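Values in this text are rule-based calculations from the coordinates and carry no lab data. None of the values given here were measured: they were computed from a predicted structure. Neighbour counts are summed over all protein chains in view; Cβ atoms, including those assigned to glycine, are modelled from backbone coordinates with ideal geometry.
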Amino acid sequence: MFSPGSNKSRFAVVPWYNRHEWEKVYQNLFSSSAEDQAAGLASIGVWRSRLYGCLPPAVEATAALVRAQLNDILSLDGAFTVGRMSADELSSLFAVAIVRFVADIVEPLRGAKNIRAKEAAFQLGVPDWVLDLRHASAHGSMGGGSASLGVLRTAASLLLEWLRSNHWEAQRDSLVAAEAPSSSTGATLNQATPAGSDDGGDGQPQCCPLAQVRNVLENWLSASAKKQRRGVPSRARMAAREEKKRLCLEQLSALVEE
């Protein structure tokens, strides 16, 4: 659940275990299947619990918009009768999602640059009529019925496409880029390198050779096994084994830091 940052010594805490999980959630959220969207929202709930409710604003904005769309789809489905929402209820759900998008995406830029909200929206590539829609929704000045619901649906689809391009696709690029060094490191680890050798035979230093790590771990296990087989050792033997294990830890630390 750690994602490498721009610096090797810096890590960002993320709610997904690996890129495969992230990719699955992304595909589910933007799927045309109501079942997939529901699964995506359930995964967002899991992510939220992992980070104690502190998900990135773009993820929360996506979830709010997808939830509104999902309820809209289910309410239009003739087979769905329990909990079906009215047009006014759906309008309120879409309006809340749009208000959240503006608050989470547009307002931070407006505040950081001390500019008008419409200027911030322009810089982000968000149509200014979405801000007018947010204002009308927040102050209850939109007329009810299918006309306003149609406008809200259009706005939600547009904002989801914006989030897909500006957050999810950008996040995917970052995850792929972060995996590239790991792949090259993995190839290096799998190269057979004699213990004690500083390079892989081509003059290039090898990162944490497996043979060296295996040798250190075997020494550690040997010291622990002797302690279990011989019962209670003397103080001198105990001190010697603890010293051996301490040296093993130092060697492992040195190998990892190379």
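Figure legend: label point modelled 7 angstrom from the Cα of GLU23 along Cα→Cβ; residues of the range 31-69 with amide N under 20 Å from it are 31-33, 36-37, 39-41, 43-44, 47.
Spacing of the modelled spin labels on ALA177 and ASN114, each 7 Å from Cα toward Cβ, amounts to 3.1 nm.
Computed 3J(HN,Hα) for the range 53-65, one whole-Hz value per residue from the Karplus formula 6.51 cos²θ - 1.76 cosθ + 1.60 where θ = phi - 60°, is x, 9, 6, x, x, 5, 5, 5, 5, 4, 4, 5, 5, glycine and proline marked x.
Working from label points 7 Å from Cα in the Cα-to-Cβ sense, the ALA42 to GLU107 distance is 3.2 nm.
What the phi angles of the range 84-93 give under the Karplus curve with 6.51, -1.76 and 1.60, with θ = phi - 60°, is a coupling list of 5, 8, 7, 4, 5, 5, 5, 4, 5, 5 Hz, glycine and proline written as x. Listed values for the range 107-122 are Karplus-derived 3J(HN,Hα) couplings in whole Hz (6.51 cos²θ - 1.76 cosθ + 1.60, θ = phi - 60°), namely 4, x, 5, 4, x, 5, 9, 6, 10, 6, 4, 5, 5, 4, 5, 4, and x replaces Gly and Pro.
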